[in-house]
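For reference, the structure is listed below as structure tokens.
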Amino acid sequence: MKSKKKILRIVSSLNPKHGGPSVGIIESSKYLIKNGFKVDIVTLDKKKDFNPKFKNIKIINFSDYLGQHYRFSFKACMWLLKSRINYDFFIIHGLWQFQTLLARLFLKGRYIVFIHGQLDPFFGLNFVKKIKKKIYWYFFEYQNLQKANKIILTSEQERKKLNNTFVNTNKIKKQVIRYGIFKKKINKKLIIKKFHLKFPFIKKRKFYLFLGRFHEKKGCEIIINSIKKLGKKINTPILLAGPFRNNNYEKNLKNLVKKYNLQKKIFFSDALYGDLKWGAIYSSKAMLLSSHGENFGISLAESLSMGRPVLTTNKVNIHKSISKYNAGLISSNTVNSFSNQLYKFENFKNKKLMAMSVNAEKCFDKNFNLSLNDKSLIQLFK
């Protein structure tokens, strides 16, 4: 019997509070396993903070790291040096952290890198961060990526954005693959019941939903300012759900809602997972993502999979697929544009919303359903 090819994925964190890539990594790992591969994942999460269990996926934790962001781990170095012989392929996730340097030192061109949008021009807007990244790029990250077998992008839009980013990537090998999630088999009555128990004030009311981190990149202030601008023209409530981290941006968002006296229209929630998340998506009118820059937008794919249309910006790399299938509305990342599109949503008749709901599922199946997509991910390891 032919032995299964073994893939090792290395990522700084699998904790979903750090963003959508963690969901995509697990979903695509399930897809690889379904297609005959064995997948292990090295992560630098501390077990006491996050210690997940996934069927058929081995999680290897190294929690001795130094630096909350960079996460240098001596034990991970020693383990990889000893264990690399046991794997056929290596996938590194993310930039600006220890894992890409680790790969260059010990894997010598045997690795590919998913950059997860971390070269998006948005990240060059902050002058101080831009200078730091340029220095790190010059001394480390450029060589880390140049020595890789290739870097992986998840849309043609992301490839085009690299022409305008804050570093030069011309000599780095790139490949675009399809990306997505599996369609969930859910008990609709159960997830709706669980959601309404958690949020009784929303019961029997449609609402707009945001799912994601409270981070400057997500542009949640655009949603809040749009509601303020529309005033009495919008009656549908908004639920903003993401991991509470008590950072300045999150505080500013909550203060903005109070300043505008919108506490009866805009509600905040800690992150939603499992049945609560799916219950929120299924119960919603539409998913909102007012991002200033987004590689993929996993919450949009999740919403489309449940037949829920989306309102997002043209800074989200999958916006053309959404437009093509009429699965939602697209705005620019400004309050004027976003509020105009939100007003359109607010005034759609049920017939229009039902048609858009059907289109949402079609868009998901054609573009983001891992069960139905092409084999571009598998072809990376042939």
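Bear in mind that the values in this text are calculations on the coordinates, not laboratory data. Note that the structure is predicted; figures quoted are calculated from it, not measured. Don't worry about glycine lacking a Cβ; one is built from the backbone with ideal geometry, like all the others, and counts go over all protein chains shown.
Helical content alone sets the calculated 222 nm signal of the chain at -11000 deg cm²/dmol, taking -39,500 (n - 2.57) per DSSP H segment of four or more residues and averaging over every residue.
Q175 sits among other residues whose Cβ lies under 10 Å from its own Cβ, and their net charge, with Lys and Arg +1 and Asp and Glu -1, is +4.
Is there a pair in K193/K229; K204/K351; K133/K174 whose C-alpha atoms are over 29 Å apart, and which pairs would that be? With Cα atoms farther than 29 Å apart: K193/K229. Dividing the mean sequence gap of close Cα pairs (under 8 Å, 6+ apart) by how many residues the chain holds gives a relative contact order of 15 percent. Summarising the label geometry, the points placed 7 Å from Cα in the beta-carbon direction at S323 and F72 lie 4.5 nm from one another.
Take each peptide in 298-310, 330-342, count the other Cβ atoms within 10 Å of every residue, and average; sorted highest first, the result is 298-310, 330-342. Remark: the stretch 80-179 is approximated by an ellipsoid whose semi-axes, taken from the C-alpha gyration tensor as √(5λ), come to 23, 16, 10 Å, largest first. Take 96-106, 3-13, 229-239 and order them by the average number of nearby Cβ atoms within 10 Å per residue, most first; the result is 96-106, 3-13, 229-239. The Rg/Rh ratio for the stretch 6-176, using Cα coordinates for both the radius of gyration and the Kirkwood hydrodynamic radius, is 0.94. Amide H contacts under 5 Å for F72: L66, restricted to partners 5 or more places along the chain or on a different chain, H placed in the peptide plane at 1.01 Å from N.
Enter the angle in degrees (range 0 to 90, nearest 10) between the Cα long axis of helix 274-283 and the first principal axis of the Cα atoms of the chain, meaning the one along which they spread out most. For helix 274-283, the angle is close to 40 degrees. Among the listed pairs K218/K251; K218/K315; K206/K258; K129/K259; K47/K82, those with a Cα-Cα distance over 18 Å are K206/K258; K129/K259; K47/K82.
Near L14, once Lys and Arg are set to +1 and Asp and Glu to -1 for all other residues with Cβ below 14 Å from its Cβ, the sum equals +4. For I135, neighbours were defined as the other residues whose beta-carbon sits under 15 Å from its Cβ, and their charges (Lys and Arg +1, Asp and Glu -1) total +4.
Given in Å, the Rg to one decimal and the Dmax to the nearest whole number for the Cα atoms of the stretch 135-279 are 20.4, 56.
Report, to the nearest 10°, how far helix 335-346 tilts away from the longest principal axis of the Cα atoms in the chain, using its own Cα long axis and a range of 0 to 90°. The angle comes out at about 60 degrees.
Per residue, the Cα convex hull of the stretch 267-382 amounts to 126 Å³. When you work out D = kT/(6 pi eta Rh) for the chain at 25 °C and 0.890 mPa s, using the Kirkwood radius from C-alpha pairs as Rh and the Stokes-Einstein form, the result is 113 µm²/s.
Just need the Rg to Rh number for the stretch 215-295, please, alpha carbons only, Kirkwood Rh.
That ratio equals 0.94.
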